[in-house]
Amino acid sequence: MKKLLLLFIAGSLLVSCKDDKKADTVSEEQNVENPRDTIKEMDFKVVDSKFIDNDSLWKPFEKDLDSMTAEVYEEVRGYVYEKSIPEIQEAVSAGKLTYEELALFYLTRIREYDRNNDFSLNSVISLNPNLLAEARQKDEDLKNAKDPHAIYGIPVLLKDNIDTEAMATTAGAAALQNNQTQDAFIVQKLKENGALILGKANLSEWAYFFCGDCPSGYSAVGGQTLNPYGRKKFDTGGSSSGSGVAVAANLAPVAVGSETSGSILSPSSQNSIVGLKPTIGLLSRGGIVPISSTLDTPGPMTRTVIDNAILLSAMSGIDPEDPASEMAAKPAFDYTEITQADLSGKRFGAIIRLMEDSLYVRAINDLKKAGAEIVEYEAEEINLPNFVRLLNLDMKKDLPSYFENYGGDVGLKNVQDVMEYNSEDTLKRAPYGQRLFQGIVDDSASEEDFAAIKDTLKTNGTRFLEKPMREHNLDGILSINNYHAGFAAVAKYPAITIPMGYTKVGAPKGLTIIGKPFSEQDLLKWAYVYEQETKRRKTPQDYDE
């Protein structure tokens with residue numbers, strides 16, 4: 001509370017591109033400080049945003065935030081901080097907490113920790129100016145609500161490539177600062193179920209398929225997102241960097257990310273939270289700035305598995321405007337029936353070359369203790385050729401489609417238009433260059449060649465996962481962080497990552513479980529059992545106030 005009292009007184013996209021599986025880790029018992037262990041501070045060209053006006057950001061909330069005194073904050077904190085959605089809702093039901101107080105709590109923490117100070121994380125790009133009025137309405141409506149959804153009244157942070165009418169959708173890009181849109185389909189579902197939209201999260205610009213030579217978590221609009229477990233020391237992961245950081249630091253109860261290949265799994269594992277990459281089509285992509293209509297999906301990012309299931313449930317439903325959603329034909333579903341799960345008889349594959357990682361080995365032993373059967377196997381060496389070309393060719397057609405069908409009046413039609421806009425002031429708009437965007441412009445293929453690229457990738461990715469599953473009768477495959485996100489992406493298999501511990505220098509790591517298509521309910525059950533058995537997640541120390 002010391003830092004808060006001072007105030008009161010005064011974001012692997014590319015086939016799991018970071019292969020850090022040989023990082024030096026130790027068991028919990030051996031995790032002692034070594035004076036020779038040093039962490040080199042990361043060097044960034046840009047840290048703070050050159051586009052966000054803090055006065056404008058906070059103007060709608062000035063008078064209301066004055067009511068959140070240190071004493072009130074501390075009281076509310078007891079019902080909210082590090083609490084799950086069910087715990088928060090219990091406090092509301094008991095009359096100990098209101099949704100207005102809940103919203104004010106997170107606004108207070110964002111103002112304290114997110115920008116322009118020694119603890120800033122740069123995880124939030126914009127805030128819903130109507131948040132508190134909407135929270136008060138939720139409090140009023142609750143009096144007559146019959147069996148409200150668990151997400152009712154809970155503030156949800158959206159990655160800033162997800163459309164919502166209250167705020168511009170920028171994808172972190174200067175070119176989209178005025179991209180005023182309607183709500184994306186999943187945002188409509190969230191609102192229908194009673195969620196509050198808290199704001200928009202920073203991200204790796206254009207979902208990390210833009211500059212190519214920039215750090216994860218950087219965007220022109222949002223600045224450089226920083227990891228709360230080690231500011232300028234540990235990578236935030238990308239591209240849903242702000243979503244992961246904000247949830248980890250308790251700046252939001254839950255957040256929505258999006259993934260093409262690793263963009264939920266990476267920042268979730270890097271920030272010690274739970275992240276689920278669903279099967280393509282389970283959730284609508286309508287109204288989300290795209291990379292690839294073949295691989296893109298939104299997904300929930302939360303501190304606990306039960307919250308993940310609640311958020312996933314609140315976004316689910318068939319979107320007739322999204323071909324993948326319509327083809328999947330998965331209607332709204334309640335994924336929260338997971339608390340009675342057990343692992344008896346479940347068989348998981350452990351990849352032998354990952355056994356060098358002691359945290360992974362410990363996680364395997366934890367699963368065994370919980371009743372699971374573990375099959376160790378040598379993973380087949382399989383390539384994913386032309387993966388970047390798939391993204392190039394998809395975005396080349398998908399971005400114009402977004403502008404035409406979902407985007408606001410920004411005067412842009414394609415990638416080339418964005419590049420030309422950025423070239424007018426590269427220092428502010430593209431300080432790390434536009435290499436990946438240039439690759440999109442330069443690439444082309446016939447429909448036959450494009451179809452062949454997609455077919456080869458799906459065949460190879462499916463073989464990597466399905467062959468061991470079939471040969472060893474596996475329910476799922478165990479990985480680390482986003483190491484095998486590329487295979488899960490092209491095979492269109494879902495995956496969930498859960499905190500499994502920290503390296504000897506304090507960097508978070510996640511146990512990732514990859515399941516068969518549309519096995520999200522099972523993944524959540526298995527993750528819940530592991531989470532409850534281990535409780536490995538620790539709050540980032542500098543944000544535990």
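List of remarks:
- A residue that is on the phi > 0 side of the Ramachandran plot, assigned to a loop (DSSP other than H, G, I, E, B) and out of contact with any helix residue (DSSP H, G or I) (no Cβ under 9 Å at 6 or more places or on another chain) cannot be found anywhere in the range 474-490.
- Selection within the range 239-260 - among the polar types (S, T, N, Q) and in contact with a Lys or Arg (Cβ under 7 Å, 6 or more places away or on another chain): S240, S243, N250, S258
- Selected residue [surrounded by 23 or more Cβ atoms within 10 Å (Cβ to Cβ) and modelled with pLDDT of 95 or more] from L121, L142: L121
- Restricting attention to the range 76-90, the residues being part of a helix (DSSP H, G or I) and surrounded by 14 or more Cβ atoms within 10 Å (Cβ to Cβ) number 10.
- Residue within the range 486-504 that is surrounded by fewer than 18 Cβ atoms within 10 Å (Cβ to Cβ) and under 23 Å from K535 (Cβ atoms) present: yes
Every residue, every condition in (1) under 20 Å from E82 (Cβ atoms); (2) at pLDDT 95 or above; (3) of a type in the set (D, E, K, R), yes or no:
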| position | (1), (2), (3) |
| --- | --- |
| N482 | no, yes, no |
| V490 | no, yes, no |
| A495 | no, yes, no |
| G510 | yes, yes, no |
| L523 | no, yes, no |
| E531 | yes, yes, yes |
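- Considering A324, A379, A332, the condition of being part of a loop (DSSP other than H, G, I, E, B), over 30 Å from Y81 (Cα atoms) and hydrophobic (A, V, I, L, M, F, W, C) is satisfied by A379 alone.
- Residue count for the range 91-120 under the criterion of being of a type outside the set (D, E), in a helix (DSSP H, G or I) and closer than 17 Å to N250 by Cα: the result is 12.
- Among residues of the range 378-405 that are closer than 28 Å to M469 by Cα, those with a beta-carbon under 7 Å from a residue that is of a type outside the set (G, A, S) and at pLDDT below 95 at least six positions away or on a different chain give the pairs L384/V15; F387/L14; F387/V15; V388/L14.
- For the range 161-175, the candidate set comprises residues that are within 16 Å of the chain's Cα centre (by Cα) and farther than 22 Å from L427 by Cα; within that set, the residue that is surrounded by the most Cβ atoms within 10 Å (Cβ to Cβ) is N161.
- Test: K369 is basic (K, R), surrounded by fewer than 15 Cβ atoms within 10 Å (Cβ to Cβ), in contact with a helix residue (DSSP H, G or I) (Cβ under 9 Å, 6 or more places away or on another chain) and closer than 30 Å to D163 by Cα: no
The values are calculated or read from the model by the stated rules, or taken from the named source; none is laboratory data. Nothing here was measured: the structure is a model prediction, and the numbers come from that model. Counting neighbours? That spans all protein chains shown, and the Cβs are built from the backbone with ideal geometry, glycine included.
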